[in-house]
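Take a look at the structure below.
The values are calculated or read from the model by the stated rules, or taken from the named source; none is laboratory data. Keep in mind it's a predicted model, so treat the numbers as computed, not measured. Positions of Cβ are generated from backbone atoms using ideal geometry, with glycine treated the same way; all protein chains shown enter the neighbour counts. Areas reflect the complete protein model, heavy atoms only, side chains present, ligands, DNA and RNA absent. Shrake-Rupley method; radii C 1.70, N 1.55, O 1.52, S 1.80 Å.
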Amino acid sequence: MNDIRRTILWVIFGFSMVLLWDQWQVYNGHKATFFPSPAAVTAKAPVSAHPSTGSTSLPPSASGASPASPVAQVPGTAGALPAAATATAARQQVVVTTDVLQLTFDTEGGSVIRAELLKDPDDADMSKPFVLLQDDPQTVYVAQTGLIGDTGGASFPTHKTVMTVVPGVRTLEPGASDVVVKFESPDVGGVKLVKTYTLDRGSYTMSVKFDVVNTGTVAVSPQLYLQLVRDGNKPEKSSKFYSTFTGPAVFTEAKKYQKIDFKKIDENKVDIEKEASDGYVAMVQHYFASAWLLGDGIHRELFARKVSANLYAVGMITPLGSIAPGASRSVQARLFTGPQEEKKLEGIAPGLELVKDYGWVTILAKPLYWLLYNIHRFLDNWGWSIVALVVLLKAAFYWLNAKAYASMAKMKAINPKIMAMRERLKDKPQEMQQEMMKIYREEKVNPMGGCFPIVIQIPVFIALYWVLLSSVEMRGAPWILWIHDLSSPDPYYILPLVMAATSMLQTALNPAPPDPMQAKLMWIMPLAFSVMFFFFPAGLVIYYITNNALSILQQWVINTRMGVPPQFHLPKF
């Protein structure tokens with residue numbers, strides 16, 4: 001039965017390897033080997049254009065119009081987007097700066113084409129701010145808005161229409177609470193569009209007001225679209241040893257948070273809520289996100305589509321209703337571009353904190369993050385907060401661990417008797433099994449007693465792993481001495497070496513399996529994990545070192561109390 005316990009541990013180890021391989025396949029652009037996502041039907045979007053080249057991509061219409069048509073109907077909507085923009089002024093870029101953001105707007109469409117997060121350092125150069133949105137030959141990631149027409153095929157101002165920027169202050173002044181930038185379109189199809197961005201002090205969320213004015217002589221029924229467009233590349237500095245999600249996401253109260261893989265968009269297999277009156281659309285990557293938000297109660301159609309070879313869009317369309325000649329209609333929206341700070345995201349919109357994705361362990365990860373966050377408020381150091389959180393978790397699971405280690409100590413005490421019996425009956429496997437069960441009954445030992453308490457704790461520690469991996473607060477956060485960034489690997493590999501030592505020490509303290517080959521194989525697991533952790537963030541390594549050290553201490557104390565002196569069982573290679 002000792003072999004059964006070892007077998008279960010190997011099953012857990014094997015399943016972990018399966019998950020790692022599956023994520024490795026996804027990270028490298030291949031289909032998931034063991035856990036493929038379900039197929040579904042995609043929703044279509046309005047026209048998107050590459051802001052740099054000015055090329056416009058039109059989707060096939062519901063009636064079969066080709067992308068080369070001058071006007072293509074948007075499937076599922078009553079509007080159309082013109083293939084060509086009306087320009088009345090030269091394009092220019094407008095830079096607006098607050099205390100936390102520096103945004104670059106393009107007068108072509110009044111789009112946001114660059115967002116620098118002034119409080120978040122760049123991965124490559126800590127002296128520079130992190131750039132989230134950008135538009136250059138290597139990376140395209142922009143926020144666009146515009147109008148699509150009604151069923152009559154009218155052309156209205158889009159994100160390709162060159163607009164005029166209203167003169168004003170471009171930098172948040174001392175004592176001021178916000179800075180405003182306004183763009184006005186020319187008259188296109190009897191409609192004028194005015195976009196007003198208001199950036200508040202200390203906020204990564206800007207309010208955007210859209211004023212649609214009917215300057216013509218007949219009523220119009222335009223629809224407003226808001227979309228985020230980006231390429232399908234992984235962010236720079238992405239790790240090859242663990243995978244985090246990059247791509248579009250949609251949230252509605254009906255279907256909650258839905259991630260959309262770029263590959264699913266390529267294959268037209270996206271399953272999202274197509275109509276809603278709440279929620280948001282977002283582009284997500286490790287630590288950061290952007291999102292368009294409309295107020296609840298406003299009907300919108302959601303879409304996710306491919307724009308070009310490596311360009312994707314996610315967004316929503318909301319009808320503005322009939323606007324009489326000389327009348328106007330206003331819509332308020334918000335654009336978030338910033339770090340995934342969970343507490344701040346919760347206050348912006350319901351469900352927005354889910355862009356910080358914990359996967360299937362969310363129900364455990366959220367309370368763990370809450371506990372870590374509050375420990376940090378007291379200690380004011382994320383490294384020591386991780387240590388304190390692991391100590392609290394080990395204390396909470398003390399009795400479970402005590403039962404596990406007590407069972408292991410008993411197994412260790414009778415191990416010489418088991419080994420002698422196995423040697424005596426090595427040619428009689430059936431009699432050996434019966435004799436082993438007899439020894440367990442006489443000694444009142446449960447061979448599974450050391451396994452179940454540990455298995456119960458596994459989901460909790462997996463959840464803590466994702467909390468530490470996903471929390472943007474770890475970026476640039478120091479601990480002690482040479483550890484200046486808990487989100488980066490230890491530059492001198494000291495922490496991974498310590499973790500390897502504690503993992504092997506913990507293995508050495510466990511009872512040696514009777515089978516010599518199995519005893520040698522049991523050393524593969526700590527060695528394999530130790531190699532991977534040379535490339536893991538320092539914060540994760542601190543968590544594992546603390547957990548290992550406390551486990552060794554508790555096992556040592558329990559063994560001593562039970563009269564089983566701790567011994568090191570080293571493999572005989």
Quick shape check on segment 295-349: root eigenvalues a ≥ b ≥ c of the Cα gyration tensor, a/c under 1.5 is rounded, otherwise prolate if a/b tops b/c, else oblate, and it reads oblate
Under a 1.4 angstrom probe, counting protein chains only, how are HIS376, HIS484 ranked by accessible area, largest first? HIS484, HIS376
What is the sum of charges, Lys and Arg at +1 and Asp and Glu at -1, for the other residues whose Cβ falls under 11 Å from the Cβ of PRO174? -1
Below 13 angstrom from the Cβ of ASP357, what's the summed charge of the other residues (Lys, Arg +1; Asp, Glu -1)? +1
Quick check: pseudo-label points 7 Å beyond the Cα along Cα→Cβ at ILE458 and ALA124, how many nm apart are they? 4.1 nm
VAL180, VAL140, reordered so the largest accessible area comes first (probe 1.4 Å): VAL180, VAL140
Accessible surface of GLU253 in the full protein assembly, 1.4 angstrom probe, to the nearest 10 Å²? 90 Å²
Förster radius 56 Å - calculated FRET efficiency between ILE494 and SER330, Cβ distance, rounded to 0.05: 0.45
For TRP523, the accessible surface traced by a 1.4 Å probe with all protein chains present amounts, in square angstrom to the nearest 10, to 30 Å²
Which FRET efficiency value, to the nearest 0.05, do you get for TRP556 and GLN430 by plugging their Cβ-Cβ distance into 1/(1 + (r/R0)^6) with R0 = 41 Å? 0.60
Compactness index (Cα Rg / 2.2 N^0.38 Å), segment 226-293: 1.16
When every protein chain stays in place and a 1.4 Å probe is rolled, LYS195, LYS417 sorted by accessible area with the largest first are LYS417, LYS195
Report the per residue volume, in Å³, of the convex hull enclosing the C-alpha atoms of segment 130-188. 150 Å³
Roughly what would the spin-label model give for HIS299 and SER238, points 7 Å off Cα along C-beta, in nm? 3.8 nm
Distance in nm between pseudo-label sites at THR164 and LYS274 (7 Å out along the Cβ direction from Cα): 4.1 nm
Mind checking the alpha-carbon convex hull of segment 106-226 and giving the volume per residue in Å³? 125 Å³
For GLU346, the accessible surface traced by a 1.4 Å probe with all protein chains present amounts, in square angstrom to the nearest 10, to 80 Å²
Sites GLN138 and TRP523 - FRET efficiency at Förster radius 45 Å, r taken between beta-carbons, to 0.05: 0.55
Could you tell me the center-to-center distance, by alpha carbons, between segment 169-241 and segment 92-146 in angstrom? 13 Å
Kirkwood hydrodynamic radius, segment 193-312, all distinct C-alpha pairs: what's the number in Å? 16.6 Å
Rounded, prolate or oblate: pick one for segment 244-360, where a ≥ b ≥ c are the square roots of the eigenvalues of its C-alpha gyration tensor, a/c under 1.5 means rounded, and failing that, prolate if a/b is larger than b/c, else oblate. oblate
Among the listed pairs LYS160/LYS263; LYS306/LYS343; LYS160/LYS209; LYS259/LYS366; LYS237/LYS263; LYS366/LYS394, which are separated by more than 24 Å between their Cα atoms? LYS160/LYS263; LYS306/LYS343
LEU133's amide H: which non-local residues (gap 5+, or another chain) put their own amide H closer than 5 Å, with H modeled 1.01 Å from N in plane and none for Pro or chain starts? ALA115
